[in-house]
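Laboratory data are not the source of any read-out in this text; all were calculated from the coordinates shown. Here the structure is a predicted model, which is why all the values come from computation and not from measurement. Don't worry about glycine lacking a Cβ; one is built from the backbone with ideal geometry, like all the others, and counts go over all protein chains shown.
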């Protein structure tokens, strides 16, 4: 592996490779070829430009185009992907007869070029296999997620200190981004899916909480510009508005997701009531979400609780509704499992899940808590333990 | 087109469609199907989730999955891409026999699904055609780029006001990001290529200016974390260090690129000399870069000037050298043309180019100016007219 890696990470990478190799064998494949930044980071502990080749048995090979000078065991310099066969031969790995490559991360052009390096051998979707493995976090990943969640929760407590009456949603957002970056947030908002994007996170004030966006987030917001129509939209924050703040926490390359709601003065009673339902849903899912439980059941539990409380119409959006109440988070903010309609995922120990039961109250705004939760043998643990109540500004 | 669009933008979109249609006819194709955020933004003036279908003749069709409620002429709601044929029929567009889709933006999985909507009809790479068209900016785009460049240059003048002696590179970076965001920068750093990424821009202090990164930027920097190994890396800024600040300007969905150098006290004379060569290269290229000139010639001009001045060894990097001195910029920061080795691009009126002749001086750091330049009939115009000299802090 790359030089100067810690023994802890080295052990963890070995664990991840074994995990991937078990999946590879189950899929009847000889090798997995990784190309994307996110998956290269997963299998090597750092971003590099090039390919990681994980055979179904034995040590992997890392073919590095950039940076120049990256060295280590099983690491070879490479100018272009067409050299992979000769590099495999050099380290004594046989050319795979059945290889998986990343169908969901490689562009069609890149896929075509990489597939030609393994003529006739590409037999399935490596993206799906990697997504399945990454769904359950390794011990090192769990430690980083815990550390990230704690820092994330700590920073959220400082948001009221940079609020000033009369601000727009965006003016406050800029100050919160600043607080986040000063606290060590790397800023990078990694998300899977070629049409998904956002800057650090979103701030939804008042009825903008129900505005529709082109992106597949739980809530939208109109945004500041047609080039990025999501989140805050230069609304003056006024008495009676709920403001939902959803800024991602990425301090070490893993992302925790946590939203909290702030009230500009006193809100309509319905907002407090719906917010309490969100807190209750979180408690119920943390209790029910044990290993072995279908993720869809947890979505249905949330939906039933929202219906029973009389808030079905404003659950997970207004005009445009999300069909999920939670999602895995880790290197990217939208991993598996999906706690949503038609999800086939089953809860397992080591999953880290952003649970976000949210409600849009007309005339007031979006309310509800979002937390990153770790699935343990006995239920879920909250990794982002910031106070849950609506904070009055 | 989408409701509430300005007449100026409507005219401009019509111009872009005509431009695309001319290219489509030249390529012998009947239609172009756009799917990516960036290209949907180019053809419609806003981001939406769905597809724009540009026939070689006649009005386009916009098939919108999200946001809900987006209306306008030639706009249809769509649940899934398999509905495209029926929507085309509704508006009287014949199913194309030769269609281009985005080979470089669609993932292999997305490409396969979209190609099946047009059985046997996908005949070429729509990405390449769109890149060619976007290389030459429309009148509206030029206006936005000018406005962006002016704002960008104005903000740069405020960077020294948030510098404090004893800061690390990242501490200063965070304050400059804050100044940028307060001035209206949207923050979003759009870049083409699945392995390219950065947060807002980079700050390179001292020898970190020569550190190798996995990304294909002109310069690298070690970065703060293995998950994002580019840019500043928590170095204490000390007397004698050059600090190159390269933060993108994205105020309205179009990006200008501009770098300036700051000196912590007095620098080695070689740094001032190399910086002056960069300014001289910019002047020479602004003079020589007329419509019709091959972009590669401009790279060679820069290289020759660097060689003649005795700075060939530190031109465009140290251990890892960039093979270009400039690149188009617009909706994304790395558009065509490329002013580099083996470029086939020819300069044309309306191109907007980030020119960045940079030098890495061992023991001092990176120097050189970067500006966004507009190609006009008589030479180039600087859209980011911030003072060019090294600013002593």
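Among B:194, B:213, B:138, the residue with the largest mean-square fluctuation in a Gaussian network model of chain B, with springs joining Cα atoms closer than 10 Å, is B:194.
Each other copy places its own label point for residue A:292 at 8.0 nm from this one, sorted shortest first, where the point lies 7 Å along the Cα-to-beta carbon line.
Cα centroid separation, region B:194-221 to region A:285-329: 42 Å.
Going by neighbour counts of Cβ atoms within 10 Å, the residues B:272, A:177, A:254 line up, fewest first, as B:272, A:177, A:254.
Add -39500 (n - 2.57) for each DSSP H run of 4 or more in chain B, then divide by its residues: what number comes out at 222 nm, to the nearest 500 deg cm²/dmol? It comes out at -10000 deg cm²/dmol, rounded to the nearest 500. Using only alpha carbons, region B:7-134 has a radius of gyration to Kirkwood radius ratio (Rg to Rh) of 0.92. Within chain A, DSSP assigns beta bridges of which about 80% are antiparallel (rounded to the nearest 5). Between residue B:268 and residue B:113, the simple label model (points 7 Å from Cα in the Cβ direction) yields a spacing of 5.5 nm. Calculation over all alpha carbon pairs of region B:274-393 in 10 angstrom steps from 0 returns a P(r) of 15, 48, 31, 6, 0 percent.
Quantify how much of the Cα-Cα distance distribution of chain B extends past 35 Å, in percent. If you can, show how the numbers build up before the last one.
Values: 23267 of 77028 pairs.
The share of Cα pairs beyond 35 Å in chain B comes to 30 percent.
Calculate the tail of P(r) for the protein assembly as shown: the fraction of all Cα-Cα distances greater than 35 Å, expressed in %. Value for the protein assembly as shown: 48 percent of Cα pairs lie more than 35 Å apart.
Each copy carries residue B:239; placing its label point 7 Å along the C-beta direction from Cα gives inter-copy distances of 5.8 nm, listed from smallest up.
Region B:229-284 and region A:88-155 have Cα centres spaced 36 Å apart. Taking other Cβ atoms within 10 Å as a rough exposure proxy, B:293, A:136 sort from fewest to most as B:293, A:136.
How crowded by other chains is A:92-103, given as the mean number of beta carbons from other chains within 10 Å of each beta carbon?
1
Placing a label point 7 Å from the Cα of residue B:116 along the Cα-to-Cβ direction, the distances to the matching points in the other copies come to 2.5 nm, shortest first. The mean count of C-beta atoms from other chains within 10 Å of the C-beta of residues in B:224-234, rounded to a whole number, is 6. Peptide A:187-198 has a mean of 5 when you count, residue by residue, the C-beta atoms of other protein chains within 10 Å of its C-beta. Using 7 Å Cα-to-Cβ label points, what is the residue B:97/residue B:308 separation (nm, one decimal)? Taking the simple label geometry, residue B:97 and residue B:308 are separated by 5.6 nm. Hey, if you drop one equal point scatterer on each alpha-carbon of region A:159-268 and run the Debye formula without solvent, what base-10 log of I(q)/I(0) do you get at q = 0.16 Å⁻¹? Per q value, in the given order, log10 I(q)/I(0) is -0.70. With a Förster radius of 25 Å applied to the C-beta separation of residue A:349 and residue A:10, the computed FRET efficiency comes to 0.60. When both region A:18-37 and region B:17-39 are represented by their alpha-carbon centers, they are found 38 Å apart.
Among A:256, A:384, sorting on how many other beta-carbon atoms sit within 10 Å of each Cβ, with the fewest leading, yields A:384, A:256.
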